[in-house]
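Written out below as structure tokens is the structure these notes cover.
Here, each number is a calculation from the coordinates, and none is a lab measurement. Predicted model only: the values in this text are computed from it and were never measured. Cβ: placed from backbone, ideal geometry, glycine included. Neighbour counts: every protein chain shown.
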Amino acid sequence: MQKQGLWGGLIGFANGLFGSGGGTIGVLILERCLHLSPHKSHATILAIILPLSVLSAVIYCRKVEMEWMAILWLSVGGMVGGYVGASCLKKISNVWLHRLFGLCMLAAAVRMIL
């Protein structure tokens, strides 16, 4: 249990620092360090990230002026996309889940470097 708390602290730190990047790091931690299956790791990190994101958002809102209309519409679209994505999760094999996740991570890395 203590090890899970320490890993949770690292996931929370990454989420607070990077935003959604905390989920990416969290999936890797859950799979590699806590030995959860890929599907369980993705599902678990979604449940973990929700309260972390709410806390981070409250802190960010105090320090940065927010674009509230953009937040509204992005949230609506995000909920629809999140429902569709979560529904698709159980239909994707572990191999393809790893490939898709890795491809998204590579695309994000290239975009951030360039």
Can you match semi-axes √(5λ) of the Cα gyration tensor in Å to one of these, [x] 21, 16, 12; [y] 25, 15, 10; [z] 24, 19, 15, based on a calculation from the structure here? [z]
Highest GNM mean-square fluctuation, the chain, Cα pairs closer than 10 Å: which of 25, 45, 92? 92
Fewest first, what order do 18, 101 take by the number of other Cβ atoms within 10 Å? 18, 101
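What does the helix-only formula give at 222 nm for the chain: each DSSP H stretch with n ≥ 4 adding -39500 (n - 2.57), the total divided by the residues, and the result rounded to the nearest 500 deg cm²/dmol?
-29000 deg cm²/dmol
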Take peptides 80-88, 26-34, 59-67 and line them up by average Cβ neighbours within 10 Å, highest first, as a rough protection proxy. 26-34, 80-88, 59-67
Among 93, 56, 75, which one shows the highest mean-square fluctuation when the chain is modelled as a Gaussian network with alpha-carbon springs under 10 Å? 75
